[in-house]
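The structure under discussion appears below in the form of C-alpha cells.
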Amino acid sequence: TKSILLKSRPKGMPTEENFEFKEEELPELQEGQLLLKTLYASVDPYMRGRMSDAKSYVAPYNLNEPIAGGVVAEVVESRNDRYKAGVIVLGNLPWQTYSISNGKGLNQLDPDLAPLSYHLGILGMPGLTAYCGLLYIGEPKEGETVVVSGAAGAVGTVVGQIARLKGCRVVGIAGSDDKTAYLKKDLGFDEAINYKTTDNMPQALAAACPDGVDIYFDNVGGEISDAVYGLLNKFARIAVCGQIALYNATSVPTGPRVEPILLKKSALMKGFIVGDYAARFPEAATEMVGWLKAGKLQYEEHIVEGFDQLPQAFFGLFRGENTGKLLVKVADF
Ligand code: NDP
C-alpha cells in the first residue's frame, strides 16, 4: 500500500515538504479484520487544525503517521462477520491506497442511494454541518435574510440552498466571479459578492441586504465576517461554523469587538461542531436525501484524480480552487 504521512507540522500555508509518501506491504489479515481499498478520500479544512499540535476538538495527527480523514472504501477481503467482501463502507481512515480495519466506526453505504462520493459531501459530514448549523442555530423563517460566507464550497452551497427552500433571501460571499455566477444562476442565490474584487465589503453587503441580516452562517471568519456584523438585525443568529481565513495564521488575529453589536441587537452567536448534533443526524439525513431525490438541492463536486494528488488537493481548499465539494478519486469501484 502507498501512504501519505505527516512529516512535519506546517507553519502557515502547508506545503509538499510537510508530507511524505511511503510504500509498504500490508500484513496478512487477522480474524475480525477487513482489507479496504480506498475509492474516494475527502480533503477538509478541519484537517489543517489536526496538522498543528494545538489542543482542539480532534486530536492532532501524529508525526510520521498517515493523515486520516473521511474515506469511501471497498471491502476487498474480509475476516469480519459484519462486512462481506464487495460492500462499500465510509469511515475515518488513513490516507492509504489500501488499509486494514477492525470494522469499528465504519458505516456500510447503499450504492443505489446516490453516487458513492456524495457520502463525503452533501450526504455526509459537510451536508449535515450545513443542515444542522442553519436549521438548529439559524432557525430560518420565511422572508428573513441569510448571509453565508464560503458560499461556493461544500458547506456553503448547501446552506444557501436550504435557506432558499425555507423562503429566505440568500446572499453568498465567495472568491471568484465564476463562483458568484454559479451561486446566482445555478443555485438560485438572490445575490452573491466576490470578496476578492470588492473594495468596500460593508457597502456591497448593505446593498445586497436592504433589510439587514437575520442569519449569518460563517464559514470563513476574519475581515469578511467583520463586514457582516454591522448589518445584523435585532435577534439575529450567527452560526460560527468555520474560520478558514484564520487556519494558516501564524499570529493571534485581532478584529473589531463584536460584543457591543451582539448586545444592542440581542443577537445570538454560537459556535458548533457538527458532532454536537449527532442525535439528530437520522432526521437530517432523511430530509437531505428527500430534497436531493426531489431535485430540490443541486450538488457540485470538484474531483481531483489520483492518490498522489491528495496533498495538492488539500492545498486547493486554501487557494479556493473548488466550487462545491473538493475530494480525490483514488480508485474505481
Ligand atoms: P469549502 O468547500 O468551502 O472549501 C474551502 C473554501 O474556503 C475555498 O474554496 C475558498 O473559497 C474559501 N477560503 C479559503 N481561504 C479563504 C480565506 N482566507 N478567506 C475566505 N475564504 C477562504 O470547505 P468546506 O465547505 O468543507 O468547509 C467550509 C468551512 O466550514 C470551513 O471553515 C470548515 O472548517 C468549516 N466546517 C466546520 C464544521 C463544523 O463542524 N463546525 C464541519 C465542516 C466544515 P473562496 O474562493 O470563496 O475563497
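Overview of results
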{"quantity": "Residues of the stretch 166-204 satisfying the condition of being touching an Asp or Glu at 6+ places or on another chain (Cβ under 8 Å) and either within 12 Å of the ligand (Cβ to nearest atom) or without any contact (Cβ under 8 Å) to a residue 24 or more places away in the chain (or both)", "calculated": "Gly172, Tyr182, Lys184, Asn194, Thr197, Met201"}
{"quantity": "The lone exception for Gln33 - which of (1) within 16 Å of the ligand (Cβ to nearest atom); (2) surrounded by 12 or more Cβ atoms within 10 Å (Cβ to Cβ); (3) in contact (Cβ under 8 Å) with a residue 12 or more places away in the chain; (4) over 17 Å from Ala313 (Cβ atoms) it fails", "calculated": "(1)"}
{"quantity": "Looking only at the stretch 275-327, and only at residues there that are of a type in the set (Gly, Ala, Ser) and under 15 Å from the mean Cα position of the chain (by Cα), the one that is farthest from Phe21 (Cα to Cα)", "calculated": "Gly275"}
{"quantity": "Among the candidates Tyr57, Tyr40, residue that is at pLDDT below 95 and of a type in the set (Phe, Trp, Tyr)", "calculated": "Tyr57"}
{"quantity": "Residue ranges of strands (runs of 3 or more DSSP E) in the stretch 232-315 with at least 1 members in the same structural domain as Trp95 (by TED's automatic domain parsing) and within 30 Å of Lys2 (Cα to Cα)", "calculated": "301-305"}
{"quantity": "Residue check, Glu17 within 14 Å of Phe314 (Cβ to Cβ), modelled with pLDDT of 95 or more, surrounded by fewer than 19 Cβ atoms within 10 Å (Cβ to Cβ) and in contact with a Lys or Arg (Cβ under 8 Å, 6 or more places away or on another chain)", "calculated": "yes"}
{"quantity": "Within the stretch 232-249, tally of residues that are under 24 Å from Gly153 (Cα atoms) and either loosely packed, with under 12 Cβ neighbours inside 10 Å or of a type outside the set (A, V, I, L, M) (or both)", "calculated": "6"}
{"quantity": "Single condition Gly49 does not satisfy, out of (1) closer than 20 Å to Leu34 by Cα; (2) out of contact with any Leu (no Cβ under 8 Å at 6 or more places or on another chain)", "calculated": "(1)"}
{"quantity": "Condition broken by Glu65, with the remaining ones in (1) outside the structural domain of Phe217 (by TED's automatic domain parsing); (2) at positive phi satisfied", "calculated": "(2)"}
{"quantity": "One residue from Tyr182, Tyr216 being in a helix (DSSP H, G or I) and buried (at least 22 other Cβ atoms within 10 Å of the Cβ)", "calculated": "Tyr182"}
{"quantity": "Cβ pairs under 7 Å, 6+ apart, first in the stretch 262-281 and closer than 14 Å to Asp214 by Cα and free of Cβ contacts under 8 Å to residues at least 60 places away in the same chain, second within 12 Å of the ligand (Cβ to nearest atom) and aliphatic (A, V, I, L, M)", "calculated": "Met269/Val240"}
{"quantity": "One residue from Ala154, Ala163 being touching a strand residue (DSSP E or B) at 6+ places or on another chain (Cβ under 6 Å) and touching a residue at least 60 places away in the same chain (Cβ under 8 Å)", "calculated": "Ala154"}
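The values are calculated or read from the model by the stated rules, or taken from the named source; none is laboratory data. Values in this document were obtained by computation on a predicted structure and should not be read as measured data. Cβ sites come from the backbone with ideal geometry, for glycine too, and all protein chains shown count toward neighbours.
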